[in-house]
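To keep things clear, I will list the structure first and then write my remarks on it.
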Amino acid sequence: MAEFEKRLPKLGKEYIEKMQLPKMLPFTKMEGIGNDYVYVWLEDLDAPLTDPAPLAIYMSDRNYGVGGDGLVLIGKSKIADFRMRMFNNDGSEGNMCGNASRCVGKYLYDHKHTDKTTITLETKSGIRTLVLTLEKNKVASVTVDMGKPITKPQDIPMKADGETFVNQEITVNGKAVKGTGVSMGNPHFVVPMPDIANLDLPQIGPNYEHHAMFPERVNTEFIEVVSRDKIRMRVWERGSGETLACGTGACAALVACVLNDYTNKKATVELRGGELVIEWAEDGIVYMTGAAREVFSGEIELL
């Protein structure tokens, strides 16, 4: 029994008291085409919860917690309508998550924090605009302004020179691989490959994530171009492993395809969890449209 008890992820009374967390913490589980996070409303996203990583690990655990790709904290903002912070299931903080942003929009409207159908949302990558589409007075889909892509290697960041890194080679586990670097507020490397359905991502994904070329690690999108209007994709996310969907990854994939003249500037991206419509518009901004769904709400005992 002692060995089993050691494996249980405990937050500890000292941590809970220091972070001023309640013994029973309300949460909502949501998913955007299979990219599932635990959502928690807090008035202040910085204090007293100054160390959210242990809470994210605990809440995201699929055996002992609620279970999810990570934790999303939602609260008030001084510079936008609302603010979000997102954490991967290893406790690391992400800059931006498109699928989570859509779910935040649905959460805010459906849980009556707002009656607006256009919302500004503060993220670690800047302010994003969410446009909500309603059905029967509930949010059915959300279009997110994902911002302008960054393609300069030093700003992605990548350890490479030049103004872009498009269809260039890196060596992964002794093999030369061609890909395109893009940032959508977080770093991505987009790699065209045949037959991505049979890729062993748990085996190869970490080799990309921790590659020396990417000083802040990287999300990697493995894609098949189906047509000028459709891309098929699997993703290995830094800090989370393979997920069913990644909104910023789908945007990065579309941008990479346009830069390589594989697709039009608007295309459907098919992920394991569902489909997103991505458009790199004339104003230079990438827009993402897709569904968001509440799975369940409840309370979790932290002690």
The simple spin-label model distance between Ala212 and Asp200, using points 7 Å out along Cα→Cβ, in nm, is 2.5
Rounded to one decimal in nm, the spacing of the 7 Å Cα→Cβ label points at Ile79 and Asp283 is 1.9
So with the 1.4 Å probe, I'd like the accessible area per residue for the chain, rounded to whole Å². 44
Test of understanding: express the Cα radius of gyration of the chain as a ratio to 2.2 N^0.38 Å, with N the residue count. 0.99
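May I ask you to compute the full-extension gain from Gln20 to Asn260, defined as 0.36 nm times their residue separation minus their alpha-carbon distance, rounded to one decimal in nm? Numbers along the way, then the final one.
Numbers: separation 240, 0.36 × 240 = 86.40 nm, distance 5.02 nm.
Once the chain is fully extended between Gln20 and Asn260, it gains 81.4 nm.
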Sort 279-287, 52-60, 167-175 by the packing proxy (mean of other Cβ within 10 Å over each peptide's residues), most packed first. 52-60, 279-287, 167-175
Give the accessible area for Tyr64 in Å² (nearest 10); use a 1.4 Å probe, count only protein heavy atoms, and leave out ligands, DNA and RNA. 90
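With the Cα gyration tensor of region 25-119 in hand, give its eigenvalues times 5 under a square root as the equivalent ellipsoid semi-axes, listed largest first in whole angstrom. Before the final figure, lay out the partial values.
On the way: eigenvalues 83, 47, 26 Å².
For region 25-119, the ellipsoid semi-axes come out as 20, 15, 11 Å.
On a 18 Å Cα-Cα criterion, which of the cross-link pairs Lys23/Lys76; Lys76/Lys106; Lys76/Lys136; Lys112/Lys138; Lys76/Lys116; Lys152/Lys230 come out too long?
On the way: Lys23/Lys76 23 Å; Lys76/Lys106 16 Å; Lys76/Lys136 27 Å; Lys112/Lys138 10 Å; Lys76/Lys116 15 Å; Lys152/Lys230 26 Å.
Listed pairs above 18 Å: Lys23/Lys76; Lys76/Lys136; Lys152/Lys230.
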Vicinal HN-Hα couplings computed from phi for region 199-215 (Karplus, 6.51 cos²θ - 1.76 cosθ + 1.60; Hz; Gly/Pro x): 5, 8, 5, x, 7, 9, x, x, 5, 7, 3, 9, 5, 4, 5, 10, x
Label point at Glu242 placed 7 Å out along Cα→Cβ; residues across region 37-77 whose backbone nitrogen lies under 13 Å: none
Per the 1.4 Å probe, what fraction of the accessible area of the chain, in percent, lies on carbon and sulfur atoms? 48
Ordering of 123-135, 184-196 by burial proxy (mean other Cβ atoms within 10 Å per residue, highest first): 184-196, 123-135
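The values are calculated or read from the model by the stated rules, or taken from the named source; none is laboratory data. Owing to the predicted nature of the structure, the values given are computational and were not obtained by experimental measurement. In this analysis, Cβ positions are derived from the backbone assuming ideal geometry, glycine residues included, and neighbour counts consider all displayed protein chains. Keep in mind that these areas ignore ligands, DNA and RNA; they rest on the heavy atoms of the full protein, side chains included. Shrake-Rupley method; radii C 1.70, N 1.55, O 1.52, S 1.80 Å.
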